[in-house]
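What follows is a single structure, written as structure tokens, with notes after it.
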Amino acid sequence: MSDHSVLPADAALKIRAIQSLLAEKGFLSQEVTDTIVDYFETKVGPRNGAQVVAKAWRDPEYKARLLANGRDAVNELGFSGFEGATLHVLENTASVHNVVVCTLCSCYPWPVLGLPPIWFKSTPYRSRVVIDPRGVLAEFGTDIPANKEIRVWDSNAEIRYFVLPEPPADCEGLNETELAARVTRDSMIGTRLL
């Protein structure tokens, strides 16, 4: 899988040109653009999910609520939205590794993970991870031991999945903010370890 997290320079220029044209024609003001960008940069996204994970690692009662009803537990932290209406949280353990896919399109829990990465929406990922999860995870640099079960979960329009990763071994003594800084978007999808 290639890294699509950075737009090529020509794509960034095209985006700015389209934005300028829409503003010039009166279809989209800079204020609206700023509001939309702020929403995706500060209101939804992986930093929200990382806060959820860090709280679950430090607060056993919260973790129990999160695993029992992901939507309500995430809402406790102020993260909500239609894309997280039914949210199931999958806990990675010493014996089970969970990975999430949407084989039909790109159903994804935006309130806790933000916009889906391009590879999540790609046909190769969507088709191959259900057939060969170990092989696909290895392409991400994630080697799961042969004795560990891998469960693949297929998101859809009604149910979104979110992975609670195993905490890293060296996280003792870290507070929730420090823990959240260690959590990655891909670990909450299940394609990377911490």
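The values are calculated or read from the model by the stated rules, or taken from the named source; none is laboratory data. What you see is a predicted model; the values in this text were computed from it and never measured. Note that each Cβ is placed from the backbone with ideal geometry, even for glycine, and that neighbours are counted across all protein chains shown. Remember, those area values only see protein heavy atoms, side chains included, never the ligands or the DNA or RNA. Shrake-Rupley method; radii C 1.70, N 1.55, O 1.52, S 1.80 Å.
Residues of the chain: accessible area per residue at 1.4 Å, in Å²?
Heavy-atom SASA per residue in the chain reads 55 Å².
Which of rounded, prolate, oblate describes the range 70-132, given a ≥ b ≥ c as roots of the alpha-carbon gyration tensor eigenvalues and a/c under 1.5 marking rounded, otherwise prolate only if a/b is larger than b/c?
Oblate, since a/c reaches 1.5 and b/c is not below a/b.
Quick one: if the Förster radius is 35 Å, what FRET efficiency do THR86 and ASP132 give, using the C-beta to C-beta distance and rounding to 0.05?
Rounded to the nearest 0.05, the efficiency is 0.80.
Name the most mobile residue of THR103, THR184, THR42, meaning the one with the largest mean-square fluctuation, in a Gaussian network model of the chain with Cα contacts below 10 Å.
THR42
Quick one: grab the alpha carbon gyration tensor of the range 93-194, order the square roots of its eigenvalues as a ≥ b ≥ c, and give me rounded if a/c is under 1.5, else prolate or oblate depending on whether a/b is larger than b/c.
Oblate, because a/c is 1.5 or more while a/b does not exceed b/c.
Given a 1.4 Å probe and every protein chain left where it sits, what share in percent of the accessible area of the chain is carbon and sulfur?
The value for the chain is 57 percent carbon and sulfur by accessible area.
What number, in percent, do you get for the relative contact order of the range 45-189 if the mean sequence gap of Cα pairs under 8 Å and at least 6 apart is divided by its residue count?
That works out to 35 percent.
What residue among ASN75, ASN147, ASN98 has the largest mean-square fluctuation in a Gaussian network model of the chain, using Cα springs under 10 Å?
Largest GNM mean-square fluctuation: ASN147.
Leaving out ligands, DNA and RNA but keeping every protein chain, what accessible area does ARG65 have, in Å² rounded to the nearest 10, with a 1.4 Å probe?
Looks like 90 Å² after rounding.
Given a 1.4 Å probe and heavy atoms of the protein chains only, how would you sort TYR161, TYR39, largest accessible area at the top?
So the residues, ranked largest to smallest area, are TYR39, TYR161.
Check cross-link reach from LYS63 to the lysines: straight Cα distance under 21 Å, and skip same-chain residues fewer than eight apart.
LYS55
Note the full-extension length gain between THR177 and CYS105 as 0.36 nm times their separation in residues minus their Cα-Cα distance, in nm to one decimal.
Result for the pair: 22.6 nm of gain on full extension.
Scan the chain and report its longest stretch carrying no GluC sites (Glu not before Pro) that are both in a DSSP loop and have at most 11 other Cβ atoms within 10 Å.
1-157
Using a Gaussian network model of the chain whose springs link C-alpha atoms within less than 10 Å, name the residue from LEU179, LEU77, LEU22 with the highest mean-square fluctuation.
Highest fluctuation among the options: LEU22.
How large is ³J(HN,Hα) for each residue in the range 56-61, as worked out from phi by the Karplus curve 6.51 cos²θ - 1.76 cosθ + 1.60 (θ = phi - 60°), to whole Hz, x for Gly and Pro?
So the J values, rounded to whole Hz, are 5, 5, 9, 10, x, 5.
Which order do LYS55, LYS43 take when ranked by solvent-accessible area (1.4 Å probe, heavy atoms of all protein chains), largest first?
Result of the area sort, largest leading: LYS43, LYS55.
Are there cysteines in the chain with no other Cys C-beta under 4.7 Å, and if so, which?
CYS105, CYS171
For the chain, what does -39500 (n - 2.57) per DSSP helix run (n ≥ 4), summed and divided by total residues, give at 222 nm, in deg cm²/dmol to the nearest 500?
Mean residue ellipticity at 222 nm (helix-derived): -12500 deg cm²/dmol.
Set the Förster distance to 22 Å, then compute FRET efficiency between ALA94 and SER122 from the Cβ-Cβ distance, nearest 0.05.
Approximately 0.10, to the nearest 0.05.
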